[in-house]
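Asker: Before I ask anything, let me first share the structure, which is written out below as C-alpha cells.
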Amino acid sequence: MAFKNLKLRQVSLLISLTVATVSGIALCAEDMVDGWSFQAYMVVIPLILLVTTFPIAHYFVDLFIYRRIKILYKLVSTEKGRKELKNSALQEEDDFLQAVEEEVRRYSTSKQSEIQALKRMETYRKEFIGNVSHELKTPIFNAQGYIETLLDGGMEDREVNIKYLEKATRNLDRLANIVEDLIMLNQYETDSTQLDTQFFDITELTKQVIDEQELLASKKNIELVIKEDAGFQRKVFADRKHIHHVLSNLVNNSIKYGHENGLTKIGFYDVEDKLLIEVSDNGPGIANEHLARLFERFYRVDKARSRGHGGTGLGLAICKHIVEAHKEKIHVRSSLDVGTTFGFTLSTRALEK
Ligand SMILES: Nc1ncnc2c1ncn2[C@@H]1O[C@H](COP(=O)(O)OP(=O)(O)OP(=O)(O)O)[C@@H](O)[C@H]1O
Ligand SMILES: [Mg+2]
C-alpha cells in the first residue's frame, strides 16, 4: 500500500501535483491563453502551479489534518510512561502518522479489554448482590416469623416459646455467620488483610482443629485422624489465624458432607521447600462437573443439602483467598462414592512480607 504511510510533505506534494496536472490539462483543453504553445500549457503552467500550491497545500494540510491528529494523539497517549514516545514522535514528523496509528491501535485494544473486564465485573456484581440478598433473606424471614408467632400469643404456650426462641436464635446466628464471612471475603478481595506471617507448627494447629471439630464429628460418628508419620513437628511460615480458618473449613466440610461412620484423614507431604497439607474423606464425593466451580463464592453442589447444614458456599472461596494471599495453591480431587481430597501448600521457608 504505497499511500498508506504518506508523510506531510508527500501529501502536500501529491495535492499540488494533482492541482498542477489538472489545471494544465484544463487550460490546454480550453486553449485559454492566446499564442501559448502546447509545451507552455503542459510544462510551464503546471510547474508554476506546482511551486506555488505546494507551500499552500503544506500549510493547510498541516493546519487542518496534522494538527488535529496531533491533538488526538496527545489525548490517547496520556497514559504514564508514554510521554517520551509521544514527544519524540511529535518531533519526528516522518514517523508521526505511523506512531499515531500504532498508538490509536494500542489505545483501542486496551479500551476493548477494559470494557470486557468491566462487563465481567458488572455481571459478577449483579450475581453477587442477588446471591447475598437471597442468603440474607432466608434467616431474616425465618427469625421474623418465629418472633411474630411468639408475639401473637406463642409466648404464653410453654411448649412453643423456648423452641421458637431457639429457632429464631439459630437463624440469627446463621445471619451473623454469613455477614462475618462476607466481611472476611471482602477484606481478601480488596487486599486489605495484612498477613501476620510467622513460623508455627502445623501438626499442633491440626490437633487443635480436630479437638474443636470433635464434637460435631462424634454426632455422625466420623473419625478425625492425622496420618501416621505426621507425629513430629512440622514448621510452616504462614499466618496461623488464617490457616486455622482454612483447616477448620476443610475438616468441617468433610464432616458436614461426609457419610455417617466416615473417616477424615489429614496428611502432610514435603514438596521441595513447601509442605502439602491434604484433608481427605471417604464421603459421597463430588461429580467432575462441579470441581472447577467449587471455589467460587456461593457455589454449592447440592444447594438444599448444604443450606440444611448451615452452609453458605463461602467457605472454600475464603480458603482460596487465604491460600492465594500466601502465594500458594489450593486444589481438589474427588471421585463419586469414593471420597474427596482438598490439598494446599504452605512455605517451609521464611518469605518476604
Ligand atoms: N468434603 C466434601 N465432600 C463433598 N462435598 C463437599 C465437600 N466439601 C465441600 N463440598 C461441597 O462444596 C460446596 C462448597 O463448600 P464451601 O465450604 O465453600 O461452602 P459451605 O460448606 O456450603 O458453606 P460455608 O463453608 O460457608 O459454611 C458445599 O456446599 C458442598 O456442596
Ligand atoms: Mg464449608
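The values are calculated or read from the model by the stated rules, or taken from the named source; none is laboratory data. This one's a predicted model, so the numbers in the text were calculated from it and none came from an experiment. A quick note on method: Cβ atoms are made from the backbone with ideal geometry, for glycine too, and the neighbour counts reach across all protein chains shown. Just so you know, the surface numbers come from the protein's heavy atoms only, side chains and all, with ligands and any DNA or RNA stripped out. Shrake-Rupley method; radii C 1.70, N 1.55, O 1.52, S 1.80 Å.
Asker: Mind checking the dipole of the chain: about its Cα centre, +1 per Lys or Arg Cβ, -1 per Asp or Glu Cβ, Debye to the nearest 20?
Answerer: It comes to approximately 280 debye.
Asker: Can you compute 3J(HN,Hα) from phi for each residue in the range 318-324, using the Karplus curve 6.51 cos²θ - 1.76 cosθ + 1.60 with θ = phi - 60°, rounded to whole Hz and x for Gly and Pro?
Answerer: Using θ = phi - 60°, the values come out as 5, 4, 4, 4, 5, 5, 5 Hz.
Asker: Roughly to the nearest percent, how much of the accessible area of the chain is carbon and sulfur, given a 1.4 Å probe?
Answerer: The computed percentage sits at 57.
Asker: Using only C-alpha atoms and all pairs of different ones, pull out the Kirkwood radius for the chain in Å with one decimal.
Answerer: 27.3 Å is the Kirkwood radius here.
Asker: Could you give the length gained on full extension between His331 and Gln112, defined as 0.36 nm per residue of separation minus the Cα-Cα distance, in nm?
Answerer: Length difference between fully extended and current span is 75.6 nm.
Asker: Next question, about the same structure. How large is the accessible surface per residue of the chain, computed with a 1.4 Å probe and reported in Å² as a whole number?
Answerer: Per-residue accessible area for the chain comes out at 62 Å².
Asker: Moving on. Could you give the angle, 0 to 90 degrees to the nearest 10, between helix 67-76's Cα long axis and the longest principal axis of the Cα atoms of the chain?
Answerer: 10
Asker: Next question, about the same structure. Order of 240-251, 45-56 by packing, highest average Cβ count within 10 Å first?
Answerer: Packing proxy ranking, top to bottom: 240-251, 45-56.
Asker: Now a separate question. By how many degrees, between 0 and 90 and to the nearest 10, does the Cα long axis of helix 8-30 differ from the longest principal axis of the chain?
Answerer: 40
Asker: Give, in nm to one decimal, the length gained when the segment between Glu127 and Glu156 is fully stretched (0.36 nm per residue of separation minus the Cα-Cα distance).
Answerer: 6.1 nm is the gain from fully extending Glu127 to Glu156.
Asker: Let me ask something else about it. What are the ³J(HN,Hα) values, in whole Hz, obtained from phi via the Karplus relation 6.51 cos²θ - 1.76 cosθ + 1.60 with θ = phi - 60°, for each residue of the range 267-278 in sequence order, with x given for Gly and Pro?
Answerer: Once θ is set to phi - 60°, the couplings for the range 267-278 become x, 10, 9, 7, 10, 6, 9, 10, 10, 9, 10, 10 Hz.
Asker: Relative to the longest principal axis of the C-alpha atoms of the chain, give the angle of the C-alpha long axis of helix 158-189, reported between 0 and 90° and rounded to the nearest 10°.
Answerer: Result, in degrees: 40.
Asker: Please check: in the Gaussian network model of the chain (C-alpha springs, under 10 Å), which one of Ser218, Ser12, Ser334 has the largest mean-square fluctuation.
Answerer: Maximum fluctuation in the GNM of the chain, among the listed residues, is at Ser12.
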